[in-house]
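Any read-out appearing in this document is the output of simple, stated calculations on the displayed coordinates, not a laboratory observation. Note that the coordinates shown come from a computational prediction; the quantities given were computed from them, not determined experimentally. Please note: Cβ atoms are built from the backbone with ideal geometry, for glycine as well, and neighbour counts cover all protein chains shown.
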Amino acid sequence: MSCKNCEKWSEEKRIHAPYVYLDLLEKLQNALQNKELIIVKGTCSIEEILSSSCCPDDILEHEFSCPECGAKFNLYVNTYKGSGGWWNPVEKA
């Protein structure tokens, strides 16, 4: 179960197109700025992806955490094969 701070992030999402990924990245960037989530690790910075006309790598993965309850979330996308990706909770607090 997620807390009030991160409950809006607890739903799994399938990323089936680049615009879905970029829209989610913008929302995550806002969540990071508002301290709703913190980034634990990633293959590159979100700013690098949003400011570039191409992806910095074929596989992009980021792990986030809720600063209130510690719930963990994973963002994964395969840009090379075009198989898309997902956003999902990986560890519920």
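In the elastic network of the chain, a GNM with C-alpha springs shorter than 10 Å, the most mobile of 51, 65, 83 is 51.
Take the chain and mark each of the GluC sites (Glu not before Pro) that is in a DSSP loop with at most 10 other Cβ atoms within 10 Å; the longest unmarked stretch, sites excluded, is 13-93. Loop-located trypsin sites (Lys or Arg not before Pro) in the stretch 1-83 (DSSP state other than H, G, I, E, B) with a sparse environment of at most 10 neighbouring Cβ atoms within 10 Å: 4, 35, 81. Under the combined filter of DSSP loop state and at most 11 neighbouring Cβ atoms within 10 Å, the chain retains these chymotrypsin sites (Phe, Trp or Tyr not before Pro): 80. Site pair residue 41 and residue 68 shows an inter-label distance of 2.7 nm when each label is modelled 7 Å from Cα along Cα→Cβ.
Taking the longest Cα principal axis of the chain as reference, the axis of helix 18-33 is set at about 40 degrees. Quick one: net charge around residue 28, please, counting Lys, Arg +1 and Asp, Glu -1 for every other residue with C-beta under 12 Å from its C-beta. So the surrounding residues net to -2.
log10 I(q)/I(0), Debye, Cα-only the chain, no solvent, q = 0.12, 0.24, 0.25 Å⁻¹? Ignoring solvent entirely, the Cα scatterers give -0.34, -1.31, -1.40. Taking θ as phi - 60° and the Karplus parameters 6.51, -1.76 and 1.60, the scalar couplings of the stretch 60-69 work out to 10, 9, 9, 10, 10, 9, 7, x, 7, 10 Hz in sequence order, x denoting glycine and proline. Per-residue extension of 0.36 nm, minus the Cα-Cα distance of residue 5 and residue 50, leaves a gain of 13.7 nm for this segment.
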